[in-house]
1. For the charge dipole of the chain, defined by +1 on Lys and Arg C-beta atoms and -1 on Asp and Glu C-beta atoms about the Cα centroid, which residue among G32, A236, G180 has the Cα displaced farthest towards the positive pole?
2. Can you give me the long-range amide H partners of G147? Hydrogens built in the peptide plane at 1.01 Å from N, cutoff under 5 Å, separation of 5 or more residues or another chain.
3. With axes computed from alpha carbons, what is the tilt in degrees of helix 132-142 against the longest principal axis of the chain, rounded to the nearest 10 within 0 to 90?
4. Under unit Cβ charges (Lys, Arg +1; Asp, Glu -1), what dipole magnitude, rounded to 20 debye, does region 102-218 have relative to its Cα centre?
5. Which residues' amide hydrogens lie under 5 Å from the amide hydrogen of V213, considering only partners 5 or more residues apart or on another chain, with H built in the peptide plane?
6. If you roll a 1.4 angstrom probe over the protein chains with everything in place, what fraction of the accessible area of the chain belongs to carbon and sulfur, to the nearest %?
7. Could you give the accessible area per residue of region 195-251, probe 1.4 Å, as a whole number in Å²?
8. For mean projected area of the Cα convex hull in nm², pick the label among [x] 17.3; [y] 18.9; [z] 13.6 that corresponds to the value derived from the coordinates.
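The values are calculated or read from the model by the stated rules, or taken from the named source; none is laboratory data. Every value quoted in this text rests on a predicted model; they were computed, and no experiment measured them. Cβ placement follows ideal geometry from the backbone for every residue including glycine, while neighbour counts extend to all protein chains displayed. Only protein heavy atoms, including side chains, enter the accessible area calculation; ligands, DNA and RNA are left aside. Shrake-Rupley method; radii C 1.70, N 1.55, O 1.52, S 1.80 Å.
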Amino acid sequence: MPTTSPTESPTPAPAKGLRDFYEDPSVPVASGTPRSLAQARMLAEALGPAARGSRTILDIGCGDGTAAATAAPLLTGHRIIGVDWSQDALRRARTRIPYAIRGELADGGLPLRSESADAVLFSEVIEHLVDPDAALDEIRRVLRPGGHLMLSTPNLAAWYNRALLLAGVQPVFSEVSLRGIHGRPGREVVGHLRLYTARALREFVSASGFEVVRLRGAPFHGVPRPLRPLDRLACAAPSAASILLLHARRT
C-alpha cells in the first residue's frame, strides 16, 4: 500500500472548474420569486395575449425550472422551453415545466435554429459567464427580428454596495473565490464572474445588436429584513436598485 513520507504532502484533490461547480446540486440555481414575476409581467405586456398567436419563449439558464414555472401563469398559451447545461438542474426542471433541453451558449451554441424564438428569459445568468459577448451573439441568433430579451442581473452599484465600497468592504454579489466568501457580507458562493451597473448593462446590450426598451429595478431577497423597505424604495431608481431588469429587442 503506498505511503507518504514525513516530508511529503498528500496529493491534493483535483481543482474543480466552473462546469463542476455548476453541476454541484448544492449550488443555488433559482432566483427570487419577486424578480421572476416582475420579468414575466414585463414579457406578458410585450408579447400580448396568446390569442394573437402563440409565441416560443426560451428560458436560457433555467436552473431548476422555478422561474419558468412562476412565469407560466402570466404567459398562458405561449410555449416556454427551459435550457440549461447542468444535467442535475434539468432533471429538476422537468418536474416543473413541460419542455427542458440541454444547451450551452458556448462550445457550438444552442441546439436551435436561427430566428426560431420570439423571446428569451435570461435571468441571473450573465454574471456567471466567461464570455458574455458570445452569449448575446448566440441569443441574437436564435431570436427573430424584433424578438424580446428579458435580462436580469445583480447591480454592482446597488445602494448598499456604494456604502460598502466607501467603507473598504467587498460589494455584495461580487466573489473572489469559488471556495468561500471573503471580504463581503453573505454566506453562499454562487459563482459570479462579472457585475454590471445600469449604465454598463445598457451600453453592453446596445452594442450587441439590441435596442433597450426599458430598465427597471427589483429588490433582492437576501437583504436583511429591517432594510427591505429601503430596498423596495430604491427600485424607483434602477441605477441604485439591487437587481437590474432589462427589456431589449433584437434589431
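1. Ranked along the dipole, the leading option is A236.
2. Close amide H contacts, sequence-distant or interchain: R250.
3. 30 degrees
4. Working: 14 positive and 14 negative charges, 84 e Å.
About 400 debye.
5. H247, A248, R249
6. Working: 7000 of 12820 Å².
Whole-percent figure for carbon plus sulfur exposure: 55.
7. Numbers: 2930 Å² over 57 residues.
Ligands and nucleic acids excluded, the figure is 51 Å² per residue.
8. [x]
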